[in-house]
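See structure below.
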Protein chains: 2
Amino acid sequence: MNHIDLKIEHAFIVTVNQSDDILYDATLCVQNGVIVAIGSYEEYKDISADTIIDAQGNVVMPGLINTHTHAGMSIFRGMADDLPLQTWLNDYIFPTEAQFCTRENVAIGTQLSILEMIQGGTTCFADMYYFEDTVAEICNTMGIRAVLAQAIVDFPAPDFENPHATLESLDTTISLYKNNSRISVIPGPHSPYTCSLKILQQARTLANKHNVPLHIHVSETQHEYTQNLEKYSQTPIEYLAQHNIFSGKTIAAHCVYMSEHDREILSQHAVGVVNNPQSNLKLISGIAPVPLMKEADIPVALGTDSAVSNNSLDMFQEMKTAALIHKLNNANPTVLPAKEIVRMATIDGANVLGIDDKVGSIEIGKQADIIIININQPHLVPLYSIYSHIVYAMNRHDVDTVFVDGVCLYQNKQFTLADPLEIMINAQTIANAIQEKYE
Amino acid sequence: MNHIDLKIEHAFIVTVNQSDDILYDATLCVQNGVIVAIGSYEEYKDISADTIIDAQGNVVMPGLINTHTHAGMSIFRGMADDLPLQTWLNDYIFPTEAQFCTRENVAIGTQLSILEMIQGGTTCFADMYYFEDTVAEICNTMGIRAVLAQAIVDFPAPDFENPHATLESLDTTISLYKNNSRISVIPGPHSPYTCSLKILQQARTLANKHNVPLHIHVSETQHEYTQNLEKYSQTPIEYLAQHNIFSGKTIAAHCVYMSEHDREILSQHAVGVVNNPQSNLKLISGIAPVPLMKEADIPVALGTDSAVSNNSLDMFQEMKTAALIHKLNNANPTVLPAKEIVRMATIDGANVLGIDDKVGSIEIGKQADIIIININQPHLVPLYSIYSHIVYAMNRHDVDTVFVDGVCLYQNKQFTLADPLEIMINAQTIANAIQEKYE
């Protein structure tokens, strides 16, 4: 090795590897999108590279993984807040989606969300929405990593008239991305209360046929939990388990309400859970028992949920809110210490998505999904613990540079591939049309 | 009027005045630090000015007011997190303060905090810490607005051997700043459980003598509340009221635990309360009954508390956390809507500090404490409601430019007066010495 694609020097590397190694003044070498060497400056100083970046002692860490969102919905950001859930859904979200959730608009919303995520240090996201074939094309073009769940519901959806048509088309789309190492498309049966058992099982069968995960909302609200108990004498988790919906890798978003038995089930089936604390607060869903799930060895990752229920796709905010809210909720300031929260937003996210062999930490052999964070700023001084700063003091604009697969998507706070202005204008144009409707 | 000091054109002004007026493509005129005119571009286009700023349609709003912090403590930011309260206090904070809370170090910590606050759009803060005479000098130099409470405790403090010495010196310092329109020094008896009744009363007498507010921690934890009840058969608020501590303007930080009678007392005495939701979560203090206090017509402002219990002095984060946490805590997504939260962080803060005649909104005759926020960014697009964006989607780095009294302290993301690098190096040097102690 005497010439490589990319070399990052003088890096303060937070590896998030198994032993949580931290390296100072280190060099990181990338070839063909893969991390091929990590060591001291001296060790690699004579190696030449197409691109050499001097990190100047700034933090280099794995890109953040937003494990549950609905990227297309950012066109509705801030459209309706501070409303009762039913008013919000029935008077705003549902009618607006019915009219404005078109392929073109979802494409623009997705582009907008990807800009926001890249700028905030998110290199990979798990989506669940409509028109995911188009979403996949956009991710392919914009360079972000993504696990894209095509939403399946048991009523006419914006993209398909019925769930059978969705499943049939999805079979093709999944195959289309089978050999794409950066993007995968998977089934996203919306929830146990919006999908019949038959559809849930068909979605599971499809996932298993292609050996991909299934992404589903589970036990988000007290109402859902109680209703399921009344209807089936089972919790949502028991119900899904009994009908073999967990018979393969599953990404379960929310899981706010659950019994101890539910935790045993999730653990037994190695179901990965996504905690979305900000959305759960805003919609008054509740606070998920994250420390109890972790005690039960359930992998728990972090997500922002959509820009409608948050209203930002900001993993730094999500980390801080998770760290704070679970402390109070458990009356214990030692739960979810900063280091664990950083793992939730990186390697645990990769684990929940089934891509931890590829990303989630800075290790030799992994893809170079890497962010560089400027720590020479008043709000990040002084430095005692970098984990503390990442969780409690940093924010999205501290990210200077973002790589996915070794490709630079954002450098010194400038987008390298996308044209942000055009995307923002397109998004505002949709919003103007929506606002006209409400005037 | 044909020549003025400062003119901001093409501004999207969020006035936060009594009728919550929002102005588009407006011009704002400042003379001698005071807002002298607000109107359309056309109206003022022929007026010349020493400085003309084209806001390019970006948001111009009143600077944020951080109504409770301990600025000097930022040198301890991230030193000890995720610990039980008693371990945190007894093994880290108290011994470190005992050794490192010197006049020089408090000066550096304060400078660092002021940089952080200005950068995040905070134009005014209410402090409570030691060596406030030095803190006042620093604020005077650095150009920020401040209401500085000299901490008074009933045991030897880092700056004075006993509370009588503190009170005596404070009498002089208050007088010194009597005619300073930007900075005031006030008594800050730490709390009902760290000050004897005599000291509390002397602090009140001193405040009333100078006609300034008194700043005090009240009912922050369940432990404090219960202990006070056991000791005096009175809640902390009843105890303070009965002994006339509220017989003059009072800034009461926290107020997490209270009875309905307590709310009547606070309302009757027009006590201003500061909610610090992030600190209250991190230290598992609890969630203050903010909606109930507001229903009882108690003015409630927002504060970050110190960089030790937060760990940032970020009013945007504080606004979002307040909006989210109180919704869940009251099982009602309509409480504290975005517009109310923006008021809490601006005009209500000014009101609690007793300076709402001078600042807190953009109105003719008020001082020009103004921030300009770049809204042409992916995470702030599209725009339906600017209040929603301020609370749920913005963050500190969206602030481009900051004025206090019409003086520009931060322009296009650069500090104009202070040398941030020197301050950051000084703060890290203290941290290095502290870390040596713990190794």
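For region B:139-165, a residue qualifies if it is under 30 Å from A:N376 (Cβ atoms), more than 14 Å from chain A (Cβ to nearest Cβ) and within 18 Å of the chain's Cα centre (by Cα), and the qualifying residues are B:C139, B:N140, B:G143, B:R145, B:A146, B:L148. Each residue in region A:270-292 was checked for being within 13 Å of A:E220 (Cα to Cα) and not in a helix (DSSP H, G or I), and 11 of them qualify. Checked against (1) outside any strand (DSSP E or B); (2) buried (at least 24 other Cβ atoms within 10 Å of the Cβ); (3) of a type in the set (S, T, N, Q), A:Q150 meets all criteria but (1). Does B:G72 satisfy the criteria of being of a type in the set (G, A, S), touching a residue at least 60 places away in the same chain (Cβ under 8 Å), surrounded by 24 or more Cβ atoms within 10 Å (Cβ to Cβ) and assigned to a loop (DSSP other than H, G, I, E, B)? Considered against the rule, which asks whether it is of a type in the set (G, A, S), touching a residue at least 60 places away in the same chain (Cβ under 8 Å), surrounded by 24 or more Cβ atoms within 10 Å (Cβ to Cβ) and assigned to a loop (DSSP other than H, G, I, E, B), B:G72 comes out as no. Looking at B:Q31, B:Q111, B:Q56, B:Q18, can you tell me which residue is polar (S, T, N, Q), modelled with pLDDT of 95 or more and in contact with a His (Cβ under 8 Å, 6 or more places away or on another chain)? On inspection, the qualifying residue turns out to be B:Q56. Taking the criterion of being facing chain A (nearest Cβ under 8 Å) and in contact (Cβ under 8 Å) with a residue 24 or more places away in the chain, the residues of region B:420-433 that qualify are B:P420, B:I423, B:M424, B:A427, B:I430, B:A431. Got at least one residue in region B:109-118 being in contact with a Gly (Cβ under 7 Å, 6 or more places away or on another chain) and either crowded, with 23+ Cβ neighbours inside 10 Å or farther than 30 Å from B:C408 by Cβ (or both)? Within region B:109-118 (the criterion being in contact with a Gly (Cβ under 7 Å, 6 or more places away or on another chain) and either crowded, with 23+ Cβ neighbours inside 10 Å or farther than 30 Å from B:C408 by Cβ (or both)), the answer is yes, since at least one residue qualifies. Residues that are in contact with a strand residue (DSSP E or B) (Cβ under 6 Å, 6 or more places away or on another chain) and of a type in the set (S, T, Y) were ranked within region B:73-131; the one that is nearest to A:Q377 (Cα to Cα) is B:T122. Can you find, within region B:81-108, the residue that is modelled with the lowest pLDDT among those that are facing chain A (nearest Cβ under 9 Å) and under 21 Å from B:G303 (Cβ atoms)? The residue in question is B:L85.
The values are calculated or read from the model by the stated rules, or taken from the named source; none is laboratory data. None of the values given here were measured: they were computed from a predicted structure. Glycine also receives a Cβ, built like all others from the backbone with ideal geometry; neighbour counts cover every protein chain displayed.
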